[in-house]
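One structure is given below, encoded as structure tokens.
The values are calculated or read from the model by the stated rules, or taken from the named source; none is laboratory data. The structure presented is a predicted model; accordingly, all values stated were derived computationally and were not measured. Backbone-built Cβ (ideal geometry, glycine too); neighbour counts: all protein chains shown.
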Amino acid sequence: MSQPAVWILIEQNDGVIADVSWELMGKGRELADDLGGEVAGILVGHNIKDQAKEAFYYGADKVYVIDDPTLEYYRTQAYAHAISDIAKKHKPEIFLMAATSLGRDLSGAIATPLGAGLTADCTVLEIDPETKLLHQTRPAFGGNIMATIYCQIARPQMASVRPRLLPIPERDEKRTGTVIEEKTSLQETDIKTRRVEFIPDEGATVNIEDAECVVAGGRGIGNADNLKVIEELANALGGTVGCSRPLVDAGILPHAHQVGMSGHTIRPKLYIGAGISGAIHHVVGMEGADLTIVINKDPDAALLRVADYGVVGNLFDIVPAITKEIKARKGA
Amino acid sequence: MRLVVCLKQVPDASEVKIDPIKGTMVRAGVPSIANPYDMHALEEALRLKDKYGARVSILTMGPPQATDVIKRAVSLGADDGVLLSDRAFAGSDTLATSYILAQAIRKMGEEEAIDVVFCGKMAIDGDTAQVGPGIGSRLDCAVTTYVVGVRSLDKDKKTVVVERRLERGVEVVEADMPVLLTVNKEANDIRYAALPALIESIKYEVPVWTAEDVQLDLAQCGLKGSPTQVKKIFPPPQKDIETVMVTDTISDPAQIAKLLVDKIEEAGMLA
Ligand SMILES: Cc1cc2nc3c(=O)[nH]c(=O)nc-3n(C[C@H](O)[C@H](O)[C@H](O)COP(=O)(O)OP(=O)(O)OC[C@H]3O[C@@H](n4cnc5c(N)ncnc54)[C@H](O)[C@@H]3O)c2cc1C
Ligand SMILES: Nc1ncnc2c1ncn2[C@@H]1O[C@H](COP(=O)(O)O)[C@@H](O)[C@H]1O
């Protein structure tokens, strides 16, 4: 019997490989080592073959490449066909993708032809030492609960993982592996969707995921006018404004600012959270911060427990005081 | 033209509480609502109906009381709906759900061919966003996710042009019908029902289909048809970090700020 394979989707957008692919590659390596198996990257696109070797540097043993003009940009039907065909042929044990727009769409579309079990947005993935099954843990319904999901029989065991939840492994240019070229059976005329154009967002949009400093406000700020308290501190620090989901739902801030499971995962050097209770959905998005400061008037707020420095108090007293202190020091 | 909207009834997530001792969900008294994303999908379908003329049909899988969301849709302008309800469907994960919904859509299509199937981007109780693409694969039709607007529809050529929201921009896609679209909240603002329509909708008798009414392989439904199983449920682990409670020792905001800014400066964030 061949050894169990862990497959990682190498996500690329217009030929640029997304970092999350390497985050997953690191996890894939770990899982494969626990299983006594191999890690394979799946690289699909057009004129992308040359980039396959990058996957070896991050831990892959093999890369399956499907390089075809019909795969130039992501289309559900074209990608799902191509990838589920090779998965049927090589029968991976585990198949991981990023919980990005592309990864969510693709994972849902290929789980059905493969008859696979799929768990979205996992925060922990590990091999059970006894059963060798993949244990997939994610926050579940309603907030304050975690569920560990597994899949006894159906293969592959599929899961998606948020970008930036996992570290990128050390890049090692000495590693090598095998590139295996595969083909897709679909012709352009079989494909039922076509890109008309792509309108990139203007450069000025927030990219909270790469921010070094995030100052986040929650429902505790009360209303849109009070947001300025948060904005002033963010400005003083040269940081980015973040928020919890209720502010997005209330239309106070666009989704680009939302931190958490259905928002963005951030890994800033500094996170300041004010008026946020600390539901697990929010915490999974910010717990990678190096230094965490939390201000909440409720001493039992869960977010205080994940803070390095906690302040029990009114954010309208504390946050402006911090802003003032920063301005004073910077001015000096 | 025929449009089908997959509309799910979900517990209002913001109301769910966890029993702190047992670590289980307290669902009693939690109100049920129509999944917000699906309401935007419905609105998009109703706009096509207004513009091009179409029959809009609702498909819901859930317990008997889920007829509520179908009546709500009818009050807004949907023409009809069907509830899929059977004990055999209980415990379905996304794989089984997409199977059951796809089979029901096939059956609905026998009566009058379907041009567009609408789903929400995701259901707020699970946040998976898997069911839409799953149905699309099973129906082997065009799939376009994260739609924020339908630009145009050509009844003769049988194509639609839609805008999709992606991480770094908007993609404009032309798709052949039949097509499955999943819809984002930004797509539109949901209309309100007129009072007479609201009253009328209460009288609407929602047809209910059981497993027998739809051609279903029971081995692919419910718990039996769901490869994923829940191993355990537990309260989130508390991150084991030593929190310094600044307010245990200082109470003056200016003093608190001094201490915090010292720490921010030490972390090199004041440069
Ligand atoms: C499937 C799913 C996905 C979700 N995804 C996300 C996500 O990505 N991101 C996210 O954030 N949430 C998400 N949520 C919602 C999440 O469960 C919580 O409901 C949300 O994070 C709560 O936001 P909050 O802390 O701002 O509000 P609340 O829980 O209402 O907390 C407000 C806090 O402010 C404090 N406060 C009030 N006034 C003051 C004051 N003057 N000074 C100081 N403190 C004050 C209060 O003590 C309280 O702790 C999701 C939920 C579900 C079901
Ligand atoms: N039980 C259901 N009844 C009707 N539609 C559903 C059901 N479950 C999921 N859907 C549809 O599939 C979409 C995605 O659901 P999910 O994959 O669970 O996030 C929803 O927005 C609905 O449009």
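For this structure, a couple of remarks:
- Per the listing B:257, B:219, the residue uniquely part of a helix (DSSP H, G or I) and touching a helix residue (DSSP H, G or I) at 6+ places or on another chain (Cβ under 6 Å) is B:257.
- Test: residue in the stretch A:203-212 that is more than 16 Å from ligand 2 (Cβ to nearest atom), among the acidic types (Asp, Glu) and either more than 24 Å from the chain's Cα centre (by Cα) or within 18 Å of residue A:307 (Cα to Cα) (or both): yes
- Residue in the stretch A:197-214 that is within 14 Å of ligand 1 (Cβ to nearest atom), at pLDDT 95 or above and not small (Gly, Ala, Ser) present: yes
- Residue match in the stretch B:226-248 (condition: within 30 Å of residue B:72 (Cα to Cα), within 11 Å of another protein chain (Cβ to nearest Cβ) and in a helix (DSSP H, G or I)): no
- Checking residue A:81 against (1) outside any helix (DSSP H, G or I); (2) within 14 Å of another protein chain (Cβ to nearest Cβ), the condition it does not meet: (1)
- Test result for residue B:256, within 10 Å of another protein chain (Cβ to nearest Cβ) and closer than 25 Å to residue A:138 by Cα: no
- Every residue from the stretch A:144-180 that is within 7 Å of chain B (Cβ to nearest Cβ) and surrounded by 14 or more Cβ atoms within 10 Å (Cβ to Cβ): A:144, A:145, A:146, A:147, A:148, A:149, A:150, A:151, A:154
- Residue check for residue A:302: farther than 18 Å from residue B:263 by Cα and facing another protein chain (nearest Cβ under 10 Å): yes
- Subset of the stretch B:121-168 [modelled with pLDDT of 95 or more, at the interface with chain A (Cβ under 8 Å from one of its Cβ atoms) and within 16 Å of ligand 1 (Cβ to nearest atom)]: B:131
- With respect to the conditions (1) touching an Asp or Glu at 6+ places or on another chain (Cβ under 9 Å); (2) at pLDDT 95 or above, residue A:133 lacks only one, and its number is (1).
- Condition check for residue A:221 on (1) away from ligand 2 (no atom under 16 Å from the Cβ); (2) facing chain B (nearest Cβ under 9 Å): one failure, at (2).
Conditions tested, residue by residue: (1) surrounded by 24 or more Cβ atoms within 10 Å (Cβ to Cβ); (2) among the acidic types (Asp, Glu); (3) not in a helix (DSSP H, G or I).
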{"position": "A:3", "(1), (2), (3)": "no, no, yes"}
{"position": "A:9", "(1), (2), (3)": "yes, no, yes"}
{"position": "A:26", "(1), (2), (3)": "no, no, no"}
{"position": "A:32", "(1), (2), (3)": "yes, no, no"}
{"position": "A:41", "(1), (2), (3)": "yes, no, yes"}
{"position": "A:51", "(1), (2), (3)": "no, no, no"}
{"position": "A:59", "(1), (2), (3)": "yes, no, yes"}
{"position": "A:70", "(1), (2), (3)": "no, no, no"}
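- Members of the stretch B:44-100 found to be within 13 Å of ligand 2 (Cβ to nearest atom) and more than 24 Å from residue B:31 (Cα to Cα), listed by number: B:44, B:45, B:57, B:95, B:96, B:98, B:99, B:100
- Residues being among the hydrophobic types (A, V, I, L, M, F, W, C), touching a helix residue (DSSP H, G or I) at 6+ places or on another chain (Cβ under 7 Å) and more than 14 Å from every other protein chain (Cβ to nearest Cβ) are entirely absent from the stretch B:95-104.
- Filter result (in contact with a Leu (Cβ under 6 Å, 6 or more places away or on another chain) and farther than 30 Å from residue B:138 by Cβ) within the stretch B:192-236: B:193
- If only residues of the stretch A:241-281 that are more than 7 Å from ligand 1 (Cβ to nearest atom) and of a type in the set (Ser, Thr, Tyr) are counted, the one that is farthest from the other protein chains (Cβ to nearest Cβ) is A:265.
- Selection status of residue A:108, more than 9 Å from chain B (Cβ to nearest Cβ), within 16 Å of ligand 2 (Cβ to nearest atom) and not hydrophobic (A, V, I, L, M, F, W, C): no
- Among the criteria (1) surrounded by fewer than 17 Cβ atoms within 10 Å (Cβ to Cβ); (2) of a type in the set (A, V, I, L, M); (3) within 13 Å of chain B (Cβ to nearest Cβ); (4) over 27 Å from residue A:83 (Cα atoms), the one residue A:196 does not fulfil is (4).
- Filter result for residue A:230 (in the same structural domain as residue A:315 (by TED's automatic domain parsing), surrounded by 13 or more Cβ atoms within 10 Å (Cβ to Cβ) and among the β-branched types (Val, Ile, Thr)): yes
- For the stretch A:122-142, a residue qualifies if it is buried (at least 22 other Cβ atoms within 10 Å of the Cβ), within 16 Å of ligand 1 (Cβ to nearest atom) and in contact (Cβ under 8 Å) with a residue 24 or more places away in the chain, and the qualifying residues are A:122, A:139.
- Counting only helices (runs of 4 or more DSSP H) that fall entirely inside the stretch B:62-158 and contain at least 3 residues that are under 17 Å from the mean Cα position of the chain (by Cα) and closer than 26 Å to residue A:261 by Cβ, the qualifying elements are B:94-111, B:131-139.
- Number of residues in the stretch A:220-230 that are assigned to a helix (DSSP H, G or I) and without any contact (Cβ under 8 Å) to a residue 60 or more places away in the chain: the value is 4.
- Those residues of the stretch B:175-229 which are under 20 Å from the mean Cα position of the chain (by Cα) and loosely packed, with under 13 Cβ neighbours inside 10 Å, in sequence order: B:189, B:192
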